[in-house]
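J.: I'd like to ask some things about the structure below.
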Amino acid sequence: MNEHRHFIIHKPFGYLSQFINNQNRRRNKKLLGELHEFPAGTMAIGRLDEDSEGLLLLTTDGKVSMQVRSKKVEKEYHVQVDGDITNEAIGQLQQGVEIATRGKTYRTLPAKAFRLDPPPDYPPRSKRIRDERHGPTSWLSITITEGKFRQVRKMTAAVGFPTLRLIRVRIGHITLGELPPGQVIEVDNFRFSGR
């Protein structure tokens with residue numbers, strides 16, 4: 001009998017990937033616990049920052065959390081960037097780029113990256129991104145196996161195309177699919193063992 005509990009959630013824009021507000025400056029922030037009643041000890045596996053959306057896995061099992069955060073498990077993001085992204089920039093993302101993390105320069109591992117044409121049809125975000133008068137935008141898929149702080153945003157900025165919207169759509173074999181923002185599904189397990 002597995003006493004641990006596991007959840008798949010579509011984290012909406014504007015929520016922090018945490019349950020307890022232990023910092024005064026975050027007093028008015030929205031937390032995951034407002035979306036669902038989770039059991040004590042539930043933790044987010046890998047975070048999505050406040051401005052990011054999409055697939056987030058929650059568990060009460062620290063071992064599962066370690067498995068998912070390992071470099072064996074791919075994380076795929078759909079990213080809207082400022083500008084009409086070039087093949088050259090996509091090639092740089094595929095080879096790995098230099099980003100700053102914790103005050104040091106870090107070269108990312110090679111990533112899978114390609115343009116999404118036609119662009120995905122996501123519902124509008126609660127806070128508008130901007131309108132077409134500010135120039136073109138483009139969408140791409142970026143798949144990484146590591147998870148440095150704000151890594152995908154730093155990667156697109158490093159190749160000259162800042163991220164406007166970031167949606168995680170896949171972790172390993174688990175996909176966001178049609179799960180609407182704010183929805184939570186409880187599952188028996190994530191089945192990441194044996195990878």
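No lab work stands behind these numbers, since they all come straight from the coordinates. The shown structure was predicted, so the numbers you read here are calculated from the model rather than taken from an experiment. Ideal geometry is used to build each Cβ from the backbone, glycine not excepted, and the neighbour counts take in all protein chains shown.
J.: Could you tell me which chymotrypsin sites (Phe, Trp or Tyr not before Pro) in segment 63-138 are loop residues by DSSP with no more than 11 other beta carbons within 10 angstrom of their beta carbon?
T.: Nothing satisfies the criteria.
J.: Could you tell me which of rounded, prolate or oblate describes segment 67-106, using a ≥ b ≥ c as the square roots of the eigenvalues of the alpha-carbon gyration tensor, with rounded for a/c under 1.5 and, failing that, prolate when a/b is larger than b/c and oblate otherwise?
T.: Judged from the Cα gyration tensor, segment 67-106 comes out oblate (a/c at least 1.5, b/c at or above a/b).
J.: How much FRET efficiency would the formula 1/(1 + (r/R0)^6) give for Phe114 and Gln183, where r is the Cβ-Cβ distance and R0 is 22 Å, rounded to 0.05?
T.: Once the sixth-power term is evaluated, E becomes 0.20.
J.: Then there's this: Which residue, Lys71, Lys148, Lys104, has the most motion in a Gaussian network model of the chain that connects Cα atoms within less than 10 Å?
T.: Of Lys71, Lys148, Lys104, the Gaussian network model singles out Lys104 as fluctuating most.
J.: According to the Kirkwood expression over distinct Cα-Cα pairs, how big is the hydrodynamic radius of segment 75-171, in Å?
T.: This gives a value of 13.7 Å.
J.: Relative contact order of the chain, please, whole-number percent, based on alpha carbon pairs below 8 angstrom and at least 6 residues apart.
T.: RCO, the chain: 32 percent.
J.: Under the 0.36 nm per residue contour assumption, what length would be gained going from the current alpha-carbon distance of Ala40 and Phe149 to full extension?
T.: Answer, rounded to one decimal: 36.6 nm.
J.: Further, regarding this structure: What pairs from Lys30/Lys154; Lys30/Lys72; Lys11/Lys104; Lys30/Lys104; Lys11/Lys154 go past 26 Å between their alpha carbons?
T.: Those over the limit are Lys30/Lys72; Lys11/Lys104; Lys30/Lys104.
J.: Could you compute the longest span of the chain free of GluC sites (Glu not before Pro) located in DSSP loops and having at most 15 other Cβ atoms within 10 Å, not counting the site residues?
T.: No qualifying site falls inside 75-145, the longest such stretch.
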